Each structure stands twice: as C-alpha cells, then as structure tokens.
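This report concerns only the one structure given below.
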Amino acid sequence: MSARNTTDMTGMTDAGSAPSIGALRPGFSLAGRRHRTLRFAAVTVALALVAAALWVTMMMVGETWYPPEEVIGVVLGDFVPGASFDVGEVRLPRAIIGLLAGMAFGMAGTTSQTMLRNQLASPDIIGITSGASASAVFAITVLGWSPAGTGVNVLAVTCGLATALIIFLLSGSGRSQGGRLILIGIGVAAMFTSFISYLQLQGNVYKAIDAMRWLSGSLDSVTWNQVPVLGAAMAVCGALLLVVGRDLGPLTLGEETATGLGVPVDRARLALVITMVALSAFATAATGPIAFVSFLAGPMAARLIGQTDRSLLVPAALMGAVIVLGCDLVAQLLLPNALTVGVVTGLMGAPYLIGQLIRINRQGASA
C-alpha cells in the first residue's frame, strides 16, 4: 500500500509521525468536535434569547403598548393602573401557554421524527393528536362544554393518549414498525377528520364556530387555569423525555444495532411514545392543534446546529417556542385581519412539507 493511501486511511504517515495537514477529517478531529460543541451551545443560547425576547414582546405590544418597567412590575406582582388586568390577566397567561405549548410540540416532534427516522413522522402529521382534536370537538359541539374548560382539556388528553396507544399497538413490533406506524396514523387521522366534519355539520352553528376556532390552534381563549396543568405536564414529561431520550441516538442506527449496544428497544420505544404523546396531548388540549410546529421545530433546529451527536430535544423545544410566539405576534400585529396562530404556522409549514415531499420523491427516484 502506498504512503498516500496509508495517510488517507489512518491520518498518519508510514513513519508514524504526526498527521499531515488535511489528513484527519475535520468532523472527527478534536478541533471538529470542539467546533460542533461550540456551535451547539451558541445556537441553543441564541434560541433561548430569541424565545425570551418574543415572550417579553408579547406582553408589551398589543392594542395598548406598555413599557418594560410596567410589564416587569406586573410580573413581579405590583399593581400598575391599566396594565395589571391587560398584562396580568390576558397577555401573561397567553405568553406562558404559548411558550410551554411551543416547547412541548417541539420536543414531541423531534422525538417522533428521530425515533422513526422520518421527518414526516411528527405527531400532527401521523395523527397522534387527531384523537384529542375529535374528542374536544365532540365536547364543544355536542356536550356544549367551553373550549377553555377543564373538562375539554381532560377529555382531549385522555383520548389523545388512547389514540396513540391504539396506533402503537396496531403498528406491532419489528423492523418495519416505523413505516406501519406512520401509515396507520395517517389512516386514523383521516377517520377522525371525517368524524370532526360530521360533528361540525350536524351540530349547533355557534358551537361549530367555537370548535373551528379551537381546531385552528389559538391562544385567544387561554386562561390561568390552564397554566398549572400544562406547566406540570411540561415539567414531568419534559424531564422524563430528556432522561429516556438518551436512547434516541442508538435507535437512529436501527433496531439491531441499538440492541447490540444494550438498548432495550421495545421498552425504550414504548417509553418514548408515552412521554411524547403526553406532551402533544396536553399541549393540544390547551391550545388546539397548532399546525406544523412539531413538524418544523426539529428539522429547523437541526439545520442551524449542523452535524452533531448530541440530542436535539432542548434546541427543538426552544425552536418550537420561537415558532409559536413569533407566529402569534405576526397573527396579532402584522396581518390586516387578526388570525389565530395556527393559521400562520399552517401558512409557513405547508410549503415546507411540500418541499420535503418533493425532496424525498427525488431521492427515491435517484436511488
């Protein structure tokens, strides 16, 4: 074997001296690892700062603008004439729910996409949240419950978990489970969509309007009563997902490889599905199914971070919060007619979904 070939394969010369310039691949050198670590940290901090800025902006702007000192005073519990109600009772719970829901959708989306090794496998695309949506519409249109009521939230969470369990059980186990889960989820989502349409056509027209507003994904009706529920769900399920999510890396290598690395595949997959679905269900119950946040957060965070061996759960959570808060500000302030946040995320996510489908189709055609 020539000296050139030896250097290309090992990064060392035949004499065993130090590697020549360009011999080591940058991604596998110490400098490359340091660069990836710094980039991961920089992107994560930048996303956190953007999310914090948008969160504060949501409380400052609106029909009435409040300076930062008044907003801070209200947040700290001081009474500020004029701002205490508008900021403390309307804008603050809206901002908190938007932040928590965005983080929940982001973590749930990147978990399902990574676990199933498919960017189309987000909870909203494969129908995991469809059961929550259908049950909420039934409660609003047939039972006459308030969209922001506790009953709707409890029913949506329960039916969301049950739907995900049914999809998971129908998909079975084995090497092809991911593909079956996606196909079965899409079929279940289509069935629930038909059921929702039937309820809207047969129900009271005024209740149907409330249901449509909830289905579009909205922060308009959130109240303080929803904050502790979603906050607790995010704290518990998010923490569990960060712990269980350590198995996501090996799972991306395939079932056999993950088993060889000592990962209990079936148990890990079940734990990931339960925590991921719980986050999606609680967030959906609070805000309605805000379209494409789960689908967009993970890939956008991955594109910013680049190649890494670290978990993308935290960056994806922050990206989800940025998407929800930013789109809600756009819906309130920059459009001629006030829209719900779900409409804006839908307008942003639909072209991306079409682009992903075209890219996947081209890759399949060229394979």
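The values are calculated or read from the model by the stated rules, or taken from the named source; none is laboratory data. Because the structure is predicted, anything quoted here is derived from the model rather than measured. Quick reminder, even Gly has a Cβ in these numbers, built from the backbone with ideal geometry, and neighbours come from all protein chains shown. All accessible areas refer to the heavy atoms of the entire protein, side chains included, with ligands and DNA or RNA removed. Shrake-Rupley method; radii C 1.70, N 1.55, O 1.52, S 1.80 Å.
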Checklist outcome for this item: Across region 28-62, the tally of residues that are in contact with a helix residue (DSSP H, G or I) (Cβ under 7 Å, 6 or more places away or on another chain), under 14 Å from Arg310 (Cα atoms) and open to solvent by 40 Å² or more (accessible area, probe 1.4 Å) stands at 1
Next on the checklist: With the requirement that a residue be touching a residue at least 12 places away in the same chain (Cβ under 8 Å), exposed (fewer than 13 other Cβ atoms within 10 Å of the Cβ) and farther than 24 Å from Asn337 by Cα, what does region 63-101 give you?
Outcome noted: Pro68, Gly82
Checklist entry - Quick one: what pairs do we get from region 338-367, first residue within 22 Å of Val322 (Cα to Cα), second open to solvent by 90 Å² or more (accessible area, probe 1.4 Å) and at pLDDT 75 or above, C-beta under 7 Å, 6+ apart or different chains? => result Thr340/Arg213
Checklist entry - Name the pairs whose Cβ atoms lie under 7 Å apart, with the first residue in region 117-142 and without any contact (Cβ under 8 Å) to a residue 24 or more places away in the chain and open to solvent by less than 20 Å² (accessible area, probe 1.4 Å), the second of a type outside the set (Ser, Thr, Tyr) and part of a helix (DSSP H, G or I), and 6 or more positions between them or separate chains? => result Ala139/Gly151; Ala139/Val152; Ala139/Leu155
Checklist entry - Taking the condition among the polar types (S, T, N, Q) and without any contact (Cβ under 8 Å) to a residue 24 or more places away in the chain, does Thr257 pass? => result yes
Checklist entry - Taking interchain pairs and intrachain pairs at least six residues apart, which have beta carbon atoms under 8 angstrom, with the first residue in region 33-61 and more than 14 Å from Leu92 (Cα to Cα) and among the basic types (Lys, Arg) and the second part of a helix (DSSP H, G or I) and open to solvent by less than 60 Å² (accessible area, probe 1.4 Å)? => result Arg36/Gly27; Arg39/Ile305
Item to check | Residue list for region 315-352, restricted to those being of a type in the set (A, V, I, L, M), in contact with a helix residue (DSSP H, G or I) (Cβ under 6 Å, 6 or more places away or on another chain) and farther than 23 Å from Leu92 by Cβ | outcome: Ala316
Item to check | Total residues in region 279-292, condition open to solvent by 10 Å² or more (accessible area, probe 1.4 Å) and touching a Gly at 6+ places or on another chain (Cβ under 9 Å) | outcome: 4
Checklist entry - Taking region 86-145 as the region of interest, how many residues are in a loop (DSSP other than H, G, I, E, B), hydrophobic (A, V, I, L, M, F, W, C) and within 13 Å of the chain's Cα centre (by Cα)? => result 4
Next on the checklist: Just checking, does region 108-121 include any residue being of a type in the set (Val, Ile, Thr) and modelled with pLDDT of 90 or more?
Outcome noted: yes
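Right, Thr223: part of a helix (DSSP H, G or I), of a type in the set (S, T, N, Q) and more than 17 Å from the chain's Cα centre (by Cα) or not?
no
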Item to check | Conditions (1) at pLDDT 85 or above; (2) of a type in the set (Gly, Ala, Ser); (3) open to solvent by 10 Å² or more (accessible area, probe 1.4 Å); number of the one not met by Gly149 | outcome: (1)
Checklist entry - Quick one: is Phe168 modelled with pLDDT under 85, open to solvent by 20 Å² or more (accessible area, probe 1.4 Å), of a type in the set (Phe, Trp, Tyr) and part of a helix (DSSP H, G or I)? => result yes
Checklist entry - Is at least one residue of region 199-207 within 15 Å of Gln113 (Cα to Cα) and among the charged types (D, E, K, R)? => result no
Checklist entry - farther than 30 Å from Pro228 by Cβ, within 14 Å of the chain's Cα centre (by Cα) and open to solvent by less than 30 Å² (accessible area, probe 1.4 Å) - does that describe any residue in region 293-313? => result yes
Checklist outcome for this item: Scanning region 222-275 for residues that are touching a Lys or Arg at 6+ places or on another chain (Cβ under 9 Å) and not aliphatic (A, V, I, L, M), the one most open to solvent (accessible area, probe 1.4 Å) turns out to be Glu256
Item to check | Pairs, first within 19 Å of Val154 (Cα to Cα) and at pLDDT 90 or above in region 232-246, second open to solvent by 20 Å² or more (accessible area, probe 1.4 Å) and not β-branched (Val, Ile, Thr), C-beta under 7 Å, six or more apart | outcome: Ala233/Phe282; Met234/Leu100; Met234/Met103
